[in-house]
Amino acid sequence: VSEPISGLCRLLSQPCATCVVFPDDRAHLGETRRQAFIAQALARDSYVVCHATVRRNDVRPAVCRGFYNKYRRRTWRLRLLDMCGFFIEVSPPPGRTDPT
């Protein structure tokens with residue numbers, strides 16, 4: 001999720017419309033799988049890459065803004081990236097920006 005030249009970590013500027021952290025399961029994972037997915041990232045002391053940015057030719061992968069907003073203080077990777085100012089905010093992919 002890093003920029004090739006600067007090395008900064010890409011972070012969505014806002015959650016996408018189907019963000020995995022929304023409790024109403026907008027990502028359509030099923031509640032058990034959704035909770036397990038989040039728990040796994042937290043257990044790894046890591047982060048979630050936004051699914052709207054994965055396996056696409058038109059955008060680069062980025063850290064999930066919803067996960068960052070809710071859990072950034074619970075993983076050392078996100079805390080470190082924050083403390084060092086290593087994030088660069090990027091817009092969510094077109095058509096994936098209405099979280100309401």
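Give the residues of the stretch 84-96 that are modelled with pLDDT of 95 or more and either part of a loop (DSSP other than H, G, I, E, B) or open to solvent by 70 Å² or more (accessible area, probe 1.4 Å) (or both), sorted by residue number.
Cys84, Gly85, Phe86, Glu89
Go through the stretch 14-39 and count every residue that is in contact (Cβ under 8 Å) with a residue 12 or more places away in the chain and open to solvent by less than 50 Å² (accessible area, probe 1.4 Å).
Selection size over the stretch 14-39: 11.
Okay, residues lined up against (1) outside any loop (DSSP other than H, G, I, E, B); (2) touching a Leu at 6+ places or on another chain (Cβ under 6 Å); (3) of a type in the set (S, T, N, Q):
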position: Pro15; (1), (2), (3): no, no, no
position: Cys19; (1), (2), (3): no, no, no
position: Asp25; (1), (2), (3): no, no, no
position: Val59; (1), (2), (3): no, no, no
position: Asn69; (1), (2), (3): yes, no, yes
position: Leu80; (1), (2), (3): yes, no, no
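Taking only pairs six or more apart or across chains, which ones have beta-carbon atoms under 8 Å, a first residue in the stretch 40-69 that is at pLDDT 95 or above, and a second residue that is part of a loop (DSSP other than H, G, I, E, B) and among the charged types (D, E, K, R)?
Qualifying pairs under 8 Å: Leu42/Arg74.
Gly7 is checked against (1) closer than 19 Å to Glu89 by Cβ; (2) open to solvent by 80 Å² or more (accessible area, probe 1.4 Å) and fails just one. What number does that condition carry?
(2)
The values are calculated or read from the model by the stated rules, or taken from the named source; none is laboratory data. None of these values were measured; they are calculated from a predicted model. Ideal geometry is used to build each Cβ from the backbone, glycine not excepted, and the neighbour counts take in all protein chains shown. To get the accessible areas, we keep the full protein, side chains included, count just its heavy atoms, and leave off ligands, DNA and RNA. Shrake-Rupley method; radii C 1.70, N 1.55, O 1.52, S 1.80 Å.
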